[in-house]
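Structure first, then comments.
The values are calculated or read from the model by the stated rules, or taken from the named source; none is laboratory data. As the structure is a computational prediction, the values presented were derived from the model and not from experiment. When we count neighbours, we look across all protein chains shown, and the Cβ atoms used for this are built from the backbone with ideal geometry, even at glycine. Side chains included, ligands, DNA and RNA excluded: accessible areas come from the protein's heavy atoms. Shrake-Rupley method; radii C 1.70, N 1.55, O 1.52, S 1.80 Å.
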Amino acid sequence: MDRAKAIKAVEDLLDALGEDRSREGLKDTPRRVADMYAQLLSGMGRTAETELSKTFAVDGGDVVIEKDIAFSSMCEHHLMPFFGTVTIAYIPDKRVAGLSKLARCVDICAARLQLQEQLTRQVAEEIMRYLKPKGVFVCCVAEHTCMTCRGVKKPGSKTVSYVALGDFPAEKRAEVLSLVKC
């Protein structure tokens, strides 16, 4: 990120809003906002390869499920946050990832300008690419502040998206959905 450009952009926005950037509450706001975006968008250009490359051998196993992985992300349409949980189910092919690695995969994908549907697919694709399971199913449930704070203003509304890749049979998807209540 070009930090100087980001700071200047926030200064310009404050000016366009008619704010007095010299007042006490706004003096450091451009820097703070630039730092915030650097943190919130730290997943740009990163993959989960490092996280998902550390695996462990397993004998057998049907489905591994990690549910309710909390995340927050930034809507690319309005630059407003959306947040919720991701559930990951995968069918191992002789190897499993540490559970924290799945959560870190979600964190990396969420730390980008995003659409929920993209986020769901990116998590599934990263797991397929680097963990190489037989199949993966990812379900994302989120609340979007662009729906709750502006526009239609419908607090509490949730959006559900899911993606299945590889060999993840329909009956297994239904089983996972009933178990985790996505």
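Structure summary
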item: Complete set of residues in segment 69-103 that are of a type outside the set (Lys, Arg), free of Cβ contacts under 8 Å to residues at least 40 places away in the same chain and surrounded by fewer than 20 Cβ atoms within 10 Å (Cβ to Cβ); result: 70, 72, 76, 79, 99, 100, 103
item: Criterion (of a type outside the set (D, E, K, R), assigned to a loop (DSSP other than H, G, I, E, B) and farther than 30 Å from residue 143 by Cβ) met by exactly one of 43, 60; result: 60
item: Test: residue 106 is within 21 Å of residue 41 (Cβ to Cβ), in contact (Cβ under 8 Å) with a residue 12 or more places away in the chain, in contact with a Phe, Trp or Tyr (Cβ under 6 Å, 6 or more places away or on another chain) and open to solvent by less than 10 Å² (accessible area, probe 1.4 Å); result: yes
item: Leading residue by the ranking (nearest to the chain's Cα centre (by Cα)) among those in segment 42-68 that are among the aliphatic types (A, V, I, L, M) and open to solvent by 50 Å² or more (accessible area, probe 1.4 Å); result: 44
item: Number of positions in segment 159-182 that are part of a strand (DSSP E or B) and either out of contact with any strand residue (DSSP E or B) (no Cβ under 9 Å at 6 or more places or on another chain) or not polar (S, T, N, Q) (or both); result: 6
